[in-house]
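Let me begin by presenting the structure, written as structure tokens, before commenting on it.
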Amino acid sequence: MSKSKLAEPAFLQYSELASESSGGRILFATDDWFAPAEWMLKDSEPVFIADKFTTFGKWMDGWETRRKRIAGHDWCILKLAAPTIIKGVMVDTAHFTGNYAPRFSLQGAKLSQFEEEKIPERGQEMIGTGCREKDFQLLADLESDHWTEVIGMTPLNPGYEETRKHYFSVEDRNDVFTHLRINIYPDGGIARLRVFGEVQPNLDILSASSFPVDLLGMLNGSQCLGFSNAHYGHPRNVTKPKRGINMGDGWETARRLDRPPILKTDRHGILQVPGCEWAIFKLCTKGIIEQILVDTNHFKGNFPDNIRIDGTLLGPKQTLQSAVWKTVLDYSKLGAHKEHLFGKEILTFTGPCSHIKITISPDGGISRVRVFGKVF
């Protein structure tokens, strides 16, 4: 394991499985006095409001426990959005300066539905509460203090801008985890937690589905492998479940500087520009494409003019550098803040594909892309 604050590590290119929009959920916390553990999973950047207080004390944008006056330390249980091999973790202590958690550690387990049901149901309004003794007793059978260590006890820094973000690379592990235990020692606050890794889908279930599968769905195991530009939002966001919550929850590029000063279109209304932006994805498994949905939800003055999607099938020893791409969806106009459905009748190649390349011209943002099809 290694930690770096000097540069963003490579593991940030993997899918993120802890945040609210990805489907991560807090199932248990020993204490939620100042701020509930759920706020640690918010998609938004942490904020500080100097004069905002609650009945229980200073309002903080993250998870903050009270100053501990009994034996032990605080911890919570997080259910990841999907079974995952963890590649890295980001802990952000933003704005927690005199009240940050001095140390933390991470443990993991792969729980069955039966085991998860042993966790007591969590309330809707947890702020100002702490765990009851009977809840500890219900959790005893899970022996979460003996779960596999992912990151050992490690110091954290206060949440000033230059020290707030902590990156932990989890190397050479193939454990599949569904649940994590986040320990803070002994108490304090964390603003945000992000967990990056490779989703491990159940291919038997996907193959047996009588309905088209979203081959690009993050929770089914797709992965973003590369992109040209992600100035405002990472392209992995387009694979998330549910519709986007705002423009930040999508893929948005900077405005290209090579656009002509006066724009022109061809006879089909497609802008004639020299440049484009692209992102490459590995599908959850090889599949035959039946339908594509492109959603520009929230992108009203900054949607791309058009989109093109290409596909390829890579063998076990092939690389993207040797890929032969075929056009799945030729240049197609997009509109603002809407879903665009492209049926099989207009797709020029349907596979089988193992990877796709999404190209938007000249630039802009899209919220979600669904590639529906059958497992090949």
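The values are calculated or read from the model by the stated rules, or taken from the named source; none is laboratory data. Keep in mind the model is a prediction, meaning the values are calculated, not measured. Because the Cβ atoms are built from the backbone with ideal geometry, glycine has one as well, and the counts that use them run over all protein chains shown. Calculation scope for accessible area: heavy atoms of the full protein, side chains included, ligands and nucleic acids excluded. Shrake-Rupley method; radii C 1.70, N 1.55, O 1.52, S 1.80 Å.
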Do any trypsin sites (Lys or Arg not before Pro) in region 144-188 lie in a DSSP loop with no more than 15 other beta carbon atoms within 10 Å, and if so, which? Arg173
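How long is the gain from Asp330 to Glu125 if the chain were fully straight, where each residue apart is worth 0.36 nm and the alpha carbon distance is subtracted?
Residue separation times 0.36 nm, minus the Cα-Cα distance, leaves 68.9 nm.
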FRET E, pair Ser209, Glu149, Förster distance 35 Å, beta-carbon r, rounded to 0.05: 0.45
For Lys58 and Gln200, what is the calculated FRET efficiency with R₀ set at 56 Å and r taken between the beta-carbons, to the nearest 0.05? 0.90
Can you pull the one-decimal nm distance between simple spin-label points at Lys338 and Arg259, each 7 Å off the Cα toward Cβ? 2.0
Whole-percent carbon and sulfur share, accessible surface of region 263-376, 1.4 Å: 53
Scan the chain and report its longest stretch carrying no GluC sites (Glu not before Pro) that are both in a DSSP loop and have at most 12 other Cβ atoms within 10 Å. 172-376
Just want to confirm a number: the relative contact order over the chain, from Cα pairs under 8 angstrom separated by 6+ residues, in percent. 19
Most fluctuating of Lys338, Lys357, Lys87 in the GNM of the chain (C-alpha, under 10 Å) is Lys338
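Only Lys, Arg, Asp and Glu count, each charged at its Cβ (+1, +1, -1, -1), so figure out the dipole size of region 267-376 about its Cα centre, rounded to 20 debye.
Working: 14 positive and 9 negative charges, 55 e Å.
My answer is approximately 260 debye.
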Per residue, how much accessible surface does the chain expose to a 1.4 Å probe? Answer in Å², no decimals. 48
Between Asp175 and Gln318, what length in nm is gained on full extension when 0.36 nm per residue of separation is reduced by their alpha carbon distance? 48.8 nm
Express the carbon and sulfur contribution to the solvent-accessible surface of region 132-259 as a percent, rounded to the nearest whole number, probe 1.4 angstrom. 48
Could you tell me the distance between the Cα centroids of region 266-311 and region 1-73, to the nearest Å? 34
Would you mind checking Lys87/Lys242; Lys42/Lys134; Lys87/Lys240; Lys286/Lys344; Lys42/Lys300; Lys326/Lys374 for any pair whose Cα atoms are more than 20 angstrom apart? Lys87/Lys242; Lys42/Lys134; Lys42/Lys300
Report the charge-dipole magnitude of the chain in Debye, nearest 20, computed about the Cα centre from +1 at each Lys and Arg Cβ and -1 at each Asp and Glu Cβ. 840
Spacing of the two label points (7 Å from each Cα toward its C-beta) at Ile245 and Arg267, in nm: 4.8
